[in-house]
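A.B. asks: First the structure, which I've put down as structure tokens, then a few questions once you've had a look.
The values are calculated or read from the model by the stated rules, or taken from the named source; none is laboratory data. A quick note: this is a predicted structure, and the numbers were derived from the prediction, not measured. Here the Cβ positions follow ideal geometry from the backbone for every residue, glycine too, while neighbour counts run over all protein chains shown.
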Amino acid sequence: MITNANNRVIGLRAVQALLAKGSAGRTIRQLFFAERGAARELIDAAKRADISTCQVTTAALDELAGGGVHQGVVALVGDYAYVDMHALLEDQRQPLLLLVDGVTDPQNLGAMMRAALVLGATGIVLTKDRCAQINATVTRVACGATEYLPCARVTNLVRAIAELKEAEVWVAGTVESGGQHPADVDLRRSLAIVLGSEGRGMRPLVVKQCDFLLTIPALGEIAALNVGTATGVVLYEVSRQRRSPPGN
């Protein structure tokens with residue numbers, strides 16, 4: 001049985017993304033499934049790629065998935081390949097990075113990564129401590145975005161921000177109140193957006209390093225969005241601006 005949650009990918013879309021990446025992505029060691037049904041196309045694709053497949057009972061698949069929602073399929077994979085942060089800037093004329101400060105819930109991180117890929121982010125930066133890492137839950141919730149969005153891990157986010165600023169990347173922090181409306185700021189520049197944990201937000205030292213702060217205005221009774229939704233809102237505004245002529 002699989003004992004390391006970082007070495008399994010669960011869910012139809014997540015496994016489909018793995019197979020679509022082929023040799024350019026993570027190594028798939030074996031594909032487990034309970035019934036052919038909805039997994040038939042994945043099984044056929046795995047066989048064409050000379051990946052071992054194994055039919056198991058639903059109970060065994062539940063155990064392999066570690067209690068996660070597997071949709072009938074689990075892939076045993078190699079380690080996730082984090083990249084060096086500076087690699088996120090290579091061949092990127094106008095990088096759009098997502099910096100994660102203290103988000104520990106893997107479901108939130110998965111939602112953030114899915115939104116980031118859909119809305120044009122070019123990379124994501126996590127901290128090695130006090131932050132969720134790429135595991136089976138993140139990959140499933142991200143619907144395979146983990147396989148397409150390069151991800152770096154850093155020891156010190158404050159130092160990483162300083163290095164990004166030296167590389168002429170502007171850093172925008174997100175705060176519940178007191179920041180500028182995202183639509184009122186020119187976000188067409190090379191940009192890194194920092195999102196903090198739902199409970200505490202960004203750490204004070206990280207806030208101090210930001211070039212400017214953004215706040216999504218709350219029009220209802222609830223003060224703020226969850227971090228996954230907030231990621232989508234801010235990145236959508238960046239995408240909107242970048243697709244629009246200056247001044248619009």
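This table checks each residue for (1) among the aromatic types (F, W, Y); (2) within 15 Å of A136 (Cα to Cα); (3) at pLDDT below 90; (4) crowded, with 19+ Cβ neighbours inside 10 Å.
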residue: N6; (1), (2), (3), (4): no, yes, yes, no
residue: A17; (1), (2), (3), (4): no, yes, yes, yes
residue: E35; (1), (2), (3), (4): no, no, yes, no
residue: Q55; (1), (2), (3), (4): no, no, no, no
residue: A59; (1), (2), (3), (4): no, no, no, no
residue: G68; (1), (2), (3), (4): no, yes, yes, yes
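Yes or no, residue by residue, for (1) in a loop (DSSP other than H, G, I, E, B); (2) of a type in the set (D, E); (3) over 30 Å from H70 (Cα atoms); (4) not assigned by TED's automatic domain parsing to the domain that holds A14:
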| residue | (1), (2), (3), (4) |
| --- | --- |
| R159 | no, no, yes, yes |
| A162 | no, no, yes, yes |
| G173 | no, no, yes, yes |
| A183 | no, no, yes, yes |
| V194 | no, no, yes, yes |
| G220 | yes, no, yes, yes |
| A224 | yes, no, yes, yes |
| T231 | no, no, no, yes |
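A.B. asks: Moving on to the next point. Filter region 127-154 down to residues that are outside any helix (DSSP H, G or I) and either in contact (Cβ under 8 Å) with a residue 40 or more places away in the chain or in the same structural domain as A14 (by TED's automatic domain parsing) (or both), then give me how many there are.
C.D. replies: As a first pass, look at region 127-154 and keep what is outside any helix (DSSP H, G or I): 127-135, 142-144, 148-154.
Add one more test, that the residue is either in contact (Cβ under 8 Å) with a residue 40 or more places away in the chain or in the same structural domain as A14 (by TED's automatic domain parsing) (or both), and what stays is 133-135, 142-144, 148, 150-154.
Qualifying residue count, region 127-154: 12.
A.B. asks: Do the conditions hold for V207, that is, is it at pLDDT 95 or above, among the hydrophobic types (A, V, I, L, M, F, W, C), in the same structural domain as C131 (by TED's automatic domain parsing) and buried (at least 19 other Cβ atoms within 10 Å of the Cβ)? Let's see the steps before the verdict.
C.D. replies: On the way: at pLDDT 95 or above: yes; among the hydrophobic types (A, V, I, L, M, F, W, C): yes; in the same structural domain as C131 (by TED's automatic domain parsing): yes; buried (at least 19 other Cβ atoms within 10 Å of the Cβ): no.
In short, no.
A.B. asks: Moving on. Could you list, in sequence order, all residues of region 170-202 that are free of Cβ contacts under 8 Å to residues at least 12 places away in the same chain and at positive phi? So that I can check it myself, show each step before the final result.
C.D. replies: Filtering region 170-202 down to residues free of Cβ contacts under 8 Å to residues at least 12 places away in the same chain leaves 184, 199.
Hits for region 170-202: nothing passes.
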